[in-house]
Each structure stands twice: as C-alpha cells, then as structure tokens.
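Visitor: Take a look at this one; I'll ask things after.
The values are calculated or read from the model by the stated rules, or taken from the named source; none is laboratory data. Being a predicted model, the structure only gives us computed values, none of them experimental. Here the Cβ positions follow ideal geometry from the backbone for every residue, glycine too, while neighbour counts run over all protein chains shown. Each accessible area value is taken on the protein alone, full model and side chains, heavy atoms only, with ligands, DNA and RNA left out. Shrake-Rupley method; radii C 1.70, N 1.55, O 1.52, S 1.80 Å.
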Amino acid sequence: MTFKEFNFKDTLNQAINDAGFTEPSPVQKDSIPIILEGLDMIGQAQTGTGKTAAFGLPIIQMMDGKSKVEALVIVPTRELAMQVSDELFRFGKTAGLKTATVYGGTSYNRQIDRIEQANIIVATPGRLQDLLKSKKIDIKPKFVVLDEADEMLDMGFLDEIKNIFTYLPKDRQTLMFSATMPKQIKLLAQQILNNPKSVTITKSERTNTDIAQKFYVVADYERDDALLRLIDYKNPSKCIIFCRMKKEVDRLSSYMTSQGFKVAALHGDMEQKQREHTIRSFKQGLVEIFIATDVAARGLDVNDVSHVFNYHIPFDSESYVHRIGRTGRAGNKGEAITLVSPNELRTIKRIEKDVGTTMVSKVIPTRQEVQSKKDSDLLNKIIQTEVTPSAIDMVKTLQHDIDIVTIAHLLAAIVKKEVDVKGKDIIGLGQEEIEKLIQRAKNQRGGDSRNSRGRGRNRGRGGNRRRDGHRNNRRGGRDNRNRDRS
Ligand code: ADP
Ligand code: MG
C-alpha cells in the first residue's frame, strides 16, 4: 500500500514525498481512514511506529488553512512538543500552515503572539492550562490530539488534562494516542472521546521485532565492568544507557568519560538550553554515549540509536517499553541490553509477561573473546587499507636505520595497542548458572511455570566455561580475589 490511496491533496503528497516516506506504517494504515471520516479515535502502538504522522497527515488534509488554532496537539514534555511540531511543520509547510509550540519556562507574551498566528499548536499541559485558565488565549480547535497519553498519566498530568478539556469546544474531533493502555487512560478516554474507534497494533506487531532484547546476569559490583566489556564488544555507533537516578547518571558519565568515551548526560533538572544542546550533539553524532534517566529521555527521537543499555532493569514494564523503544526506530535494527543481578531475574519474568515479549539470556564475552574479535577486525582493516604516498615516505625514512621486518613490528605494536582489551577475564554469570537461577526463581513463585517459554535455553558459546568463585561473589561481592583466579 502507498500513501496515494488516501487521496491526500497535492501539497500533502508533496510533503510526504519530501519526508522520504514511501509506505504507511501499520498504525498509519489503520488510523488515517478513520480520522479522515471525522471519527474520534484511540490508538495504541509502541513508540517509533509513526504515530505523529498517523494523526498529523489526516488532520492536515482536513484543515482549511485559514482558521487560527484549528488543531491542538497536547504532549507530555517540551522535547516532545518540539519534535512533534517539527514533524507537523514538515507536513504542513507545503500547504502554508503555521505551527507553534507552547510550553513552560519561556515568556508568555511571545508565545501568545505566536499562538494567535498559528494554525497548529503543540502544547504541554501545564502551560496550556495556565493560558486557558487566565483567559490569555481563547482557542476553538476543530481537531484535538492527546499524544503519549500514558506518559502524561505517569507524569501526573491527569487533572490538568481534564481541566484543559473543559475549555475546549464540544464540537471537535478528538484523538488519543498511547503506547500502553492503563485503566486510568481508558477511563479518561471515556470522558473526552465521543464513540471512539480503536486502533490497536497487535501484540506481535507492537513488540517491535526489530529490537533484539537480551539480558546479562552480573553481580551488582560488576555493572561498570560489564558495561565496558559489552560496549567494547558490540561497538555501538550510538547508544543510550539508562540509569534509575540522576546520581547514577552523573557517576557513570564521569566513569565512561574517564574510559575515553565521548559521553553526554541528560537528567531532569538540567536547564532547557543545556538539554537541547546535549540532544543536538547526540543527534549529530558528536557524542557516542548518552546517559539518561527515564524522565529525561521521554520521547527522545533519535533515529539511529544502535543500542539501548539498561544499567539496572527498570521497575515497571511501561518504562521498559519506553526505554527500549529508543532503538529499532524507523525500520532500523536495534539491540536492547539489560544488566540484572540474580535477585532481579524475577523482574525480568514479570516484564516479559506484562509486555508479551521475550528477553534472551546471554553470557558476557570473556576478555579473550573480545580480544580475538578486535584482533581479527584490525587485521581486516590493515588488509583493506590503501597505501598512501606519505606512508611510503615514512617507511623509506625509517629504512635508513631499521630493517623492514622490525619496522613492521614497530608499526604493528602501535596499532595493536589501540585494540587491547582491558578488564577482568570473566564478568558475570555463565549460562548454566543463569539457568539454575531462573529455575529457582520459578520455583519460588510457587511453580508458576506456565509462562516459561524456553527463554534462557539458548546455549551461548561460553556455556561451559568454568566460573569458579561466582557463587561467593554473588552474595556479598566482597571477595574480589576469587574472581581474579577464575
Ligand atoms: P511514535 O510517535 O509512534 O513514537 P514517531 O511519529 O515519532 O513515532 O515516528 C518515528 C520516526 O519514524 C520519525 O522519525 C518519523 O519521521 C518516522 N516515520 C513515521 N512514519 C514513517 C513512514 N511511513 N515511513 C518512514 N518513516 C516514518
Ligand atoms: Mg509520538
């Protein structure tokens, strides 16, 4: 199917073309016809599935382009407001539509001016409620969208939302989008939507199959080592590491920086300017590792994140879904890697069950395994490198004093040093130990084995390695000496 089948106006088809979209995504295929019919709708689909265009395109199609604030989109955060308005601007500009963003922390007057000029506004709940309550603006949107409704709930915006709707015209088309559908969101939908149609992207589609989900079992004190080893091994182009607390974000960023990575940290109480700057550097690839808390990374839309690391497993399933949704976007492949301690295995089980997904247990590669991979990558690189005139000159100069084999050895020593893998030989638990722990966790839950779907049964390469000493380490993490002997 193509976008042609929706019979959009030429200006809109042009914009879709310019955006490089060729085929509508599943949530777009299902939602667009319903919205074009003028019906209210509630849509559930995971992040990165193209929900913005799912409501943006049909709304822009139906807008007359003359009325001011003909469409209102409410989103939970400032970052999202900017992202969504960028995307809507892209689709609307060929039709001459103006878009404005409305959020807290900036001057009221300038925003009010822009709102009065705009056809579409994208707003966060707090500031929007202020403006409506104080009668600084009076808007009559025909189209109202509540985007990322579950996030709004998580962030405690439910009352603001309900209040905002008291100021909006009854005669409107209302759409609601959410990655998950908790009960309170369903209740809210009953209040603000009128006979809504629902679009649910089915479970298998919703669990983004472009994301490989893996977990590694480590002792608590091994997390830093495990992270470094995995990053060394997987060599991500761009990755996000999620932490639970701001304090952890700060500590881990200094640590990763000290290990030579280009790192940026993002957490909730950073200044807006600084946040925007940080996100931009990450998008542009100036920063390779992004370390963030859940709240800070809400809605973050960076398309080519290759890996998401959960430094700790998040407590709730929804936050897991949101975190891993930062990778595998727009049809790219991604990997989501979670570090867990043995007593967090039950959280894995719970999340798998809640989300309807499977995480595969893996063993952290040994120093030697990573070294072999890096060495063979280096050999390939050497073979494929083209000789340059300046390189030839350099060897000629060296040959005055040193024989050619020694020169080769010296050069090899220099490049080899670059790929030397540091750290302990073995980090984390082996496959057999993980299986035992999973079994034990299952038994603890009173024989709840219905949900074991053979996860963890994959026999990784390192399945039979000796891992003496882990049993002690796991408990208290006191005995580092054991580790070094194994
Ligand atoms: P969601 O709101 O579901 O998290 P977004 O609307 O932010 O997802 O879309 C994620 C990314 O996918 C954006 O960069 C968007 O431009 C892109 N995208 C959306 N629809 C399509 C499509 N049909 N073809 C290609 N890319 C798309
Ligand atoms: Mg979205």
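Visitor: What does the highest-first list of 46-52, 5-11 look like by mean Cβ count within 10 Å? Each step should come with its number before you reach the end.
Guide: Details: 46-52: 23.4, 5-11: 14.1.
Averaged packing, sorted descending, gives the order 46-52, 5-11.
Visitor: Calculated FRET efficiency, Asp64 and Asn332, Cβ-Cβ r, R0 56 Å, to nearest 0.05? Working shown, then result.
Guide: Values: r = 37 Å, r/R0 = 0.66.
Given R0 = 56 Å and the Cβ-Cβ separation, E is 0.90.
Visitor: Heavy atoms only, probe 1.4 angstrom, no DNA, RNA or ligands counted: give me Phe261, Phe282 ranked by accessible area, highest first.
Guide: Working: Phe261 45, Phe282 0 Å².
I get Phe261, Phe282, largest accessible area first.
Visitor: Please state the shape class of region 72-121: rounded when a/c is under 1.5, otherwise prolate if a/b exceeds b/c and oblate if not, all from the C-alpha gyration tensor. If you can, show how the numbers build up before the last one.
Guide: Numbers: a/c = 2.46, a/b = 1.25, b/c = 1.96.
Here region 72-121 falls in the oblate category.
Visitor: Protein chains only, probe 1.4 Å: how do Glu37, Glu276, Glu116, Glu248 rank by accessible area, largest first? Let's see the in-between values first.
Guide: On the way: Glu37 135, Glu276 55, Glu116 100, Glu248 25 Å².
Result of the area sort, largest leading: Glu37, Glu116, Glu276, Glu248.
Visitor: When all protein chains stay in place, what accessible area (Å², nearest 10, 1.4 Å probe) is found for Arg78?
Guide: Counting only protein heavy atoms, the figure is 80 Å².
Visitor: If you take the beta carbon distance between Asp138 and Gln371 as r and set R0 to 56 Å, what does 1/(1 + (r/R0)^6) give as a FRET efficiency, to the nearest 0.05? If you can, show how the numbers build up before the last one.
Guide: Details: r = 67 Å, r/R0 = 1.20.
Computed FRET efficiency for Asp138 and Gln371 comes out at 0.25.
Visitor: Can you give me the solvent accessible area of Ile351 with a 1.4 Å probe, rounded to the nearest 10 Å²?
Guide: Looks like 0 Å² after rounding.
Visitor: Can you give the Rg/Rh ratio of region 3-200, where Rg is from the C-alpha atoms and Rh is the Kirkwood radius? Don't skip to the answer; put the middle values down first.
Guide: Working: Rg = 15.5 Å, Rh = 16.6 Å.
Rg/Rh: 0.93.
Visitor: With all pairs of different alpha carbon atoms counted, what Kirkwood hydrodynamic radius in Å does the chain show?
Guide: 25.2 Å
Visitor: What's the long-distance tail for region 50-151, i.e. % of Cα pairs beyond 24 Å? Present the calculation step by step, with values, prior to reporting the outcome.
Guide: Details: 704 of 5151 pairs.
Cα-Cα pairs of region 50-151 separated by over 24 Å account for 14 percent.
Visitor: Could you tell me what percent of the accessible area of the chain is made up of carbon and sulfur, with a 1.4 Å probe and every protein chain present? Write out the running numbers ahead of the final one.
Guide: On the way: 11560 of 23650 Å².
Looking at the chain in its full context, I get 49 percent from C and S.
Visitor: Tell me the mean residue ellipticity at 222 nm calculated for the chain from its helices only (DSSP H runs of n ≥ 4, each -39500 (n - 2.57), averaged over every residue, nearest 500).
Guide: Details: 21 runs with 223 residues, N = 486.
Here the helix-only value at 222 nm equals -13500 deg cm²/dmol.
Visitor: With every protein chain in place, what's the accessible area of Tyr167 (1.4 Å probe, Å², nearest 10)?
Guide: Surface accessible to solvent at Tyr167 totals approximately 80 Å².
Visitor: Label Lys436 and Arg346 with points 7 Å out from Cα along Cα→Cβ: what is the distance between them in nm?
Guide: About 2.0 nm separates the two model spin labels.
Visitor: Further question on the same structure: If you place +1 on the Cβ of every Lys and Arg and -1 on the Cβ of every Asp and Glu, how big does the dipole about the Cα centre of region 27-128 come out, in debye to the nearest 20?
Guide: Working: 11 positive and 10 negative charges, 63 e Å.
Here region 27-128 has a charge dipole of around 300 debye.
Visitor: Under a point spin-label approximation (7 Å from Cα along Cα-to-Cβ), what is the Asp220-Glu37 distance to one decimal in nm?
Guide: 5.5 nm
Visitor: Something else about it: In nanometres, what is the gap between the two model label sites at Lys353 and Asp159, each 7 Å from Cα along Cα-to-Cβ?
Guide: Modelled inter-label distance: 3.4 nm.
Visitor: Find the accessible area per residue for region 367-418; the probe is 1.4 Å, ligands and nucleic acids are left out, and the unit is Å². It would help to have the intermediate numbers written out before the result.
Guide: Working: 4290 Å² over 52 residues.
Normalised by residue count, the accessible surface of region 367-418 is 83 Å².
Visitor: Out of region 327-388, which GluC sites (Glu not before Pro) are coil in DSSP terms and have no more than 10 other C-beta atoms within 10 Å?
Guide: Glu386
Visitor: Here's another thing I want to ask about it. With a 1.4 Å probe and all protein chains kept in place, how do Leu398, Leu193 rank by accessible area, largest first? Before the final figure, lay out the partial values.
Guide: Details: Leu398 60, Leu193 15 Å².
Correct descending sequence by accessible area is Leu398, Leu193.
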